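What follows is a single structure, written as structure tokens, with notes after it.
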Amino acid sequence: MLDKTKDPVAERDFKVVGTRPVRPDGVDKVTGRARFGADISAPGMLVGKVKRSPHAHAKLVSIDTEKALALPGVKAVVTRDDFAENKKQCDVLRNIMAREKVLYDGHAVAAVAATSATVARKALKLIEVEYDVLPHVIDVDEAMKPGAPLLHDDMITKGVDPEPETASNIAQRYEFGHGDVEKGFAEADVVVERDFKTAAAHQGYIEPHACLASFTPDGQGELWCCTQGHYAIRGFCADLLGMDISKLRVTASEIGGGFGGKTTVFLEPLALALSRKTGRPVKMVMSREEVFRASGPTASTSSRVKVGATKDGKITAGEAEFRYQGGAFKGSPVQFGAMCAFACYALENVKTVGYDVVTNRPKQAAYRAPGAPMAAFAVESVIEELAVELSIDPVELRLINAAEEGDQSSFGPTFPRIGLVETLEATKAHEHFSAPLGPNQGRGIASGYWFNFGGATSVSLNIQPDGTVALAVGTPDIGGSRASMSLMAAEELGIAYEKVKAIVADTASLGYNEVSHGSRVTFASGLATIEAARNAKKILCARAAKMWEIPEEAVEWVDGHARPAGANAGDFEPMSLADIAKVAEQTGGPISGHQEHNASGAGASFATHMVDVEVDPETGRAHVVRYTAVQDAGKAIHPSYVEGQFQGGAAQGVGWALNEEYIYNDDGRLENPGFLDYRIPVCSDLPMLDTVIVEVPNPGHPYGVRGVGETGIVPPMAAIANAVSAAAGVRMTELPMSPPKLLKAINAKKANGSA
Amino acid sequence: MQYEAPQTLDAAVALLADARGAARVLAGGTDLLVQLRSGAIEPDLVVDIKRIDELKKITAEDGGYRIGAAVSGAELGEHEGVRALWPGVVEATELIGSTQVQGRATMAGNLCNASPAADSVPAMVAADATARIVGPDGVRDTSVRDVATGPGQTSLGRGEIVVSIFLPARPARSGDAYLRFIPRTEMDIAVVGAAVSVSLDDEGTCVAARVSLGAVAARVLLVDEGARVLIGTKLDDDALQALAAAASAACSPINDKRGTIEFRTDVAGVLARRAAQTAFERAKG
Amino acid sequence: MSQIHVSTTLNGDPVEYLCEPDETLLDVLRDRLGLTGSKEGCGSGDCGACSVTVDGRLVCSCLVLGAEAQDREIETIEGVAQGENLHPLQQKILDHAALQCGVCTPGFIVAAKALLERNPDPSETEVRYWLAGNLCRCTGYDKIVRAVMDAAQEMRGA
């Protein structure tokens, strides 16, 4: 599977990378010591709470805080009047605190700081808000219709030529592709065309948003919060509060899950504003209801996909239109959906169009491979139907058309070395592929693609006098990255894993670090860690050269030791990292390695998932009975945490496929803002989740690393839909495939005589 | 809010009867605390009944069992006697919430919360269970069917507490079962619940039956027609089909976030049929 | 609204505190006693992140009033390890990499410990249903279930 002649990095013999040690933050997390967002307090701390709109869409006529402020224990209230207009962060500003209008159920209209939670809750009730209720729109297709209630009367669709003259709820149109799809469809023997819908799903992290803000009268601020990107939070907050970036220090707490949902601000600017107003620290924690109503779920979508192929399985054309609503502000991930839709296939003729639409729902936030899973659900369902029509095995059909190195991607660039074919081959070779199915069971397969981001990264690696290493990274650890960073540092320096201690540093300690998103951490912070270690090695070699009184170039670093090389080889005893560190003070002072860069060379990851589902034909209940996730990791630094990413993606996909959805009532209020009725998979819902790590090295990373965090949620919904459809004998095109929907489809088929 | 944990029933009744504002009884608290935390209720008084010894007990009585109002689902599940006599009631109670919720939730609380979707209630109705109620005017026994009068509404008067549930004796060759439909395998509220209790003669013919449905009407239903079509049969396919039809016909559900009218009506029949089969197998022993 | 004085036993030690009548045991543990290992993920008994035992019975501390703890014995995640010795469940969770973010981990450990004290040899299905009230969004439960089974085996001395 792994062609070593083609990939020089694959020949490398790793010593530490690829092992499975205990993570550095592990003991804290199994003993309850680890401090998450809500786990910290400060002397004199106040409790902050948010008053939220009960209306989906209304003019915000007035806010009267007088009675709330009169309540003993209430120290401050902030509203729209406490935040200056900000052209640059226009939407972020309006999302954290409503201005002219409230745009969704749960939209913040005021925040209060009080001496206790009880007082704060009472104060919220005393804040009087006058609304002028407006018609609302929740569904993406409804929102696109002429005459739909308008959220923003200045929203002129971008990406359309000529520019429309009137406002609509369509923020932007995107188009990708190449070739001539009409010609391609004319060449096809079989064409399948279908409409699809997916419901909005929430990231569902178990830890609600939480922060502790402290703002002193000299204009300095400190913020502790659970976030995937404390540098980004600092930027948003400094901008919204009109303060210097350097005067706000943000510390990322341990983070209890994010999956993209903790990449922006919600409470943080409010807590800082309340702290500024009161001169006291303010802690704010969302309730679970607030998380559902007012943080960012992902988009709900509507789409149409058309694929044509010849009798021998060659796809001649692929075409799709995607409509994603991303809540009350522009920025749904439809662009990524339209880009990833056909990324698995080498197509001569392909065209995708995407519409970014606003509705009266909370502003979407990134969710694991944002936009791609919904597109893959649609396209991979059609590919499955095509396979059935053509009587070609679905894996074979994918292999016939699979994108490989040198193929032009459906979104433009030419692929470098990629591993889709290897995941398909590994799927076929897996025992699961040919295992027998029981009654009412069906098997589904789907592939998926997601990008890998690089971006701004800064890492500092300090060599301590005792030969241990302190590694400071600026990307919050959302899934074990401190372990993988430590492994890479140890590998590069030639020392034991236990000698490295990685931490996530605050915003004052390192240069800017891009958010922990885009599956970038192990790739980009890892790359910077390796470079920082290499820079440290240069200094270590220089110090040895100084002691040996030979030129720096005459020293090399081998197996954790400085060694005289070239003409001086063998002249001196090699010195270990610890030997050099011990005398660093005498040879020039502390030894550190740094790396600051915009990481490039990120390697995309493909996955193929295979799932068996059993359907109860009398109740429409679908149950996953077997699951195998195969994905290209490039190089698995800590294989257990790579497997964990595959398994987590699959499990979230099961939820999205079968039961998770935002349910709104006729008034535009969210009906299921809790874990009772927003049904994420529980332990007894799932079987063991088998994984196969394929390693096709990424040529852009010294160890071959590809980002693995997100791709795992791209194939599951299509794989499960294909399995459910096979088991129930009906093609399911809407997510979630909840029991009432599935039973209705089964009964409709029965009523039509098994046609 | 005032919290009281009296040690006698008299004290509890007096506290509730004398309360000036809204008063609530706290048994397991798995519904009450959720309502309290969400601000859905703002009681002036909460009376915790878990310190009253007699309400913590399961006692054998007239061949049946009296289950105190403060007995948790976990404690009920550990009682071999009740398990053997009314396995359907025990399994229904054990379906309420998670292991953690089982550590607290009670049958009496499930009954008094008056949700049409309460899991233990259809099983209690099928068992023809009786609730013992103590109040300022003394003690009264009433059918569990008559406790909940609508969603969140009960027939309890001011100061009255359900102190125990009585599960009666039953003839040999009897069995009961409860099934519910939920989208996941655990942690959901029933979309439909169905309980069936049957007694057989020596030939294996059904001589008595009770069929009850949850989450398909404003109150838990007792489906007399469902029982009628089972009696005199050996629960053959025709009888089971007739039961399913009777169950579906008895439904008057609503569309909500958990299910549709159509779905609930359909699945009520399916579950009644399946629960009857299990009850029948148990009765045969 | 006056506060209630409560005397109880917490992880084996006598503890006294004052709490509001409507304050939950979880609030008391976190905000008054500084034990933040129990987490509030939902506040409605649906996620299990606040799992503790009261008189040996597994419960969600968000569904218990602080006032109810009078004369009870409360065990939390902070009482699971003995000194510097981790409980086998804690060690196996680490060895199996059965955590990603780790916010649900304390609740899983407390719940699994309660299971193994009752049933030292649970089947995979029994583990899964016992832990169905503990939500994990990161792992898909696979490694957690394996860790619990492995810990059970070790504790049985097998």
- With heavy atoms of protein chains only and a 1.4 Å probe, what residues of the range B:174-216 have at least 40 Å² less accessible area in the full set of chains than alone? B:Phe181, B:Pro183, B:Arg184, B:Thr185, B:Glu186, B:Met187
- Note on the structure: Taking a probe of 1.4 Å and leaving out DNA, RNA and ligands, the protein assembly as shown shows per residue an accessible area in Å² of 35
- Taking a Cβ-Cβ separation under 4.7 Å as the criterion for a possible partner, which cysteines of chain A have none? A:Cys90, A:Cys226, A:Cys237, A:Cys340, A:Cys344, A:Cys541, A:Cys683
- Task: Kindly provide the pair-distance distribution of chain B built from C-alpha pairs, with 10 Å bins from 0 and whole-percent values in order of increasing distance.
- Result: 7, 30, 35, 20, 7, 1
- Message: Using only DSSP helix segments of four residues or longer, with each worth -39500 (n - 2.57), what per-residue ellipticity at 222 nm results for chain B after dividing by its residue count and rounding to 500?
- Response: -9500 deg cm²/dmol
- Contact order relative to length of the range C:88-155, as percent, for alpha carbon pairs under 8 angstrom and 6 or more apart: 53
- Task: Would you be so kind as to identify all helices of chain B, as entire DSSP H runs, whose Cα atoms reach 18 Å or more along the helix's own axis and whose mean Kyte-Doolittle hydropathy is at least -1.0?
- Result: B:237-250, B:261-284
- Once the in-chain neighbours fewer than 8 apart are removed, the lysines whose Cα is under 17 Å from A:Lys499 read A:Lys15, A:Lys537, A:Lys582
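Below 15 angstrom from the Cβ of A:Ala562, what's the summed charge of the other residues (Lys, Arg +1; Asp, Glu -1)?
After counting each charged neighbour, the total is -2.
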- HN-Hα J in Hz across the range B:96-105 - Karplus 6.51, -1.76, 1.60, θ = phi - 60°, x for Gly and Pro: 5, x, 7, 3, 5, 5, 4, x, 10, 5
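To the nearest whole number, what is the average tally of beta carbon atoms from other chains within 10 Å of the beta carbons of peptide C:54-62?
Partner-chain Cβ atoms within 10 Å, mean over residues of C:54-62: 5.
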- Dividing the alpha-carbon radius of gyration of the protein assembly as shown by 2.2 N^0.38 Å, where N counts its residues, gives 0.96
- Task: Rounded to whole Hz and in sequence order, give me ³J(HN,Hα) for the range B:145-154 from the Karplus expression 6.51 cos²θ - 1.76 cosθ + 1.60, θ = phi - 60°, writing x for Gly and Pro.
- Result: 4, 8, 7, 7, 10, x, x, x, 10, 10
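Arranged from highest to lowest average of other beta-carbon atoms within 10 Å per residue, in what order do the peptides C:24-31, A:397-404, C:106-113 appear?
On the way: C:24-31: 24.5, A:397-404: 20.0, C:106-113: 28.5.
Ranking the peptides C:24-31, A:397-404, C:106-113 by packing returns C:106-113, C:24-31, A:397-404.
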- List the accessible area buried at the contact between A and C, summed over both sides and calculated with a 1.4 Å probe, in Å² to the nearest 100. 3900
- Averaged over peptide B:28-41, how many Cβ atoms belonging to another chain are found within 10 Å of each residue's Cβ? 5
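When the accessible area of chain C is computed with all protein chains present and a 1.4 Å probe, what percentage of it is carbon and sulfur?
C and S atoms contribute 44 percent here.
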- Determine the order of A:Thr263, C:Thr125 by accessible area, beginning with the largest, at a probe radius of 1.4 Å. C:Thr125, A:Thr263
- Item | Reach of A:Lys88 by Cα under 25 Å, taken over lysines that are not fewer than 8 positions away in the same chain | A:Lys59, A:Lys101, A:Lys158, A:Lys247, A:Lys262, A:Lys277, A:Lys330, A:Lys363
- Task: At a temperature of 10 °C and a viscosity of 1.306 mPa s, determine how fast the range A:454-599 diffuses translationally according to Stokes-Einstein, using the Kirkwood radius over alpha-carbon pairs as Rh; express D in µm²/s, rounded to the nearest whole number.
- Result: 103
- Occluded residues from the range A:647-680, i.e. those whose accessible area drops by 40 Å² or more once the chain is not alone (1.4 Å probe): A:Gln647, A:Glu671, A:Phe675, A:Leu676, A:Asp677, A:Arg679, A:Ile680
- Give the accessible area for A:Arg361 in Å² (nearest 10); use a 1.4 Å probe, count only protein heavy atoms, and leave out ligands, DNA and RNA. 30
- Note on the structure: The Cα extents of the range A:387-544 along the principal axes, largest first and rounded to whole Å, are 68, 38, 31
- With charges only on Cβ, +1 for K and R and -1 for D and E, what is the dipole size of chain A about its Cα centre, in debye, rounded to 20? 2140
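Could you order peptides A:236-243, A:264-271, B:200-207 by the average number of other Cβ atoms within 10 Å of their residues, highest first?
Final packing ranking: A:264-271, A:236-243, B:200-207.
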- Task: Report Rg(Cα)/(2.2 N^0.38 Å) for the range C:88-155, keeping two decimals.
- Result: 0.95
- Task: At q = 0.10 Å⁻¹, what is the base-10 log of I(q)/I(0) for the range B:174-284 according to the Debye formula with one equal point scatterer per Cα and no solvent? Please give it to two decimals.
- Result: -0.26
- Note on the structure: Sorted by chain and then number, the residues having a modelled amide H within less than 5 Å of the amide H of A:Val694, at least 5 places away or on another chain, are A:Gln631, A:Asp632, A:Ala633
- Query: Expressed as a fraction of 2.2 N^0.38 Å, the rule-of-thumb size for a compact globular protein of N residues, what is the C-alpha radius of gyration of the range A:209-332?
  - Reply: 1.52
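Might you report the magnitude of the Cβ-based charge dipole of the range C:48-158 about its Cα centre, with Lys and Arg at +1 and Asp and Glu at -1, to the nearest 20 debye?
340
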- Can you spot the lysines whose alpha carbon is less than 20 Å from A:Lys428's alpha carbon? Ignore those fewer than 8 places along the same chain. A:Lys314
- Message: Taking θ = phi - 60°, what integer Hz values does the Karplus form 6.51 cos²θ - 1.76 cosθ + 1.60 yield along the range C:85-97, in sequence order, with x for Gly and Pro?
- Response: 9, 6, 5, x, 5, 5, 5, 5, 4, 5, 4, 8, 6
- Task: Could you grab the Rg to Rh ratio for the range A:691-755? Cα atoms only, Kirkwood for Rh.
- Result: 1.27
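So which trypsin sites (Lys or Arg not before Pro) in the range B:123-191 pass both tests, a DSSP loop state and at most 14 other Cβ atoms within 10 Å of the Cβ?
B:Arg158
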- Based on DSSP H runs of at least 4 residues, each adding -39500 (n - 2.57), what is the mean residue ellipticity at 222 nm of chain A after dividing by all its residues, to the nearest 500 deg cm²/dmol? -8000 deg cm²/dmol
- Query: Amide H to amide H under 5 Å from C:Thr24: which residues, 5+ apart in sequence or cross-chain, H placed 1.01 Å off N in plane?
  - Reply: C:Gly66
- Message: If packing is taken as the average number of other Cβ atoms within 10 Å across a peptide's residues, how do B:46-53, A:350-357 rank, most packed first?
- Response: A:350-357, B:46-53
- Query: What's the average, rounded to a whole number, of partner chain beta-carbon atoms within 10 Å of each residue's beta-carbon in B:70-81?
  - Reply: 1
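The values are calculated or read from the model by the stated rules, or taken from the named source; none is laboratory data. Source: prediction; values computed, not measured. Cβ: placed from backbone, ideal geometry, glycine included. Neighbour counts: every protein chain shown. Ligands, DNA and RNA are stripped out before the accessible areas are found, and what is left, the full protein with its side chains, is counted by its heavy atoms. Shrake-Rupley method; radii C 1.70, N 1.55, O 1.52, S 1.80 Å.
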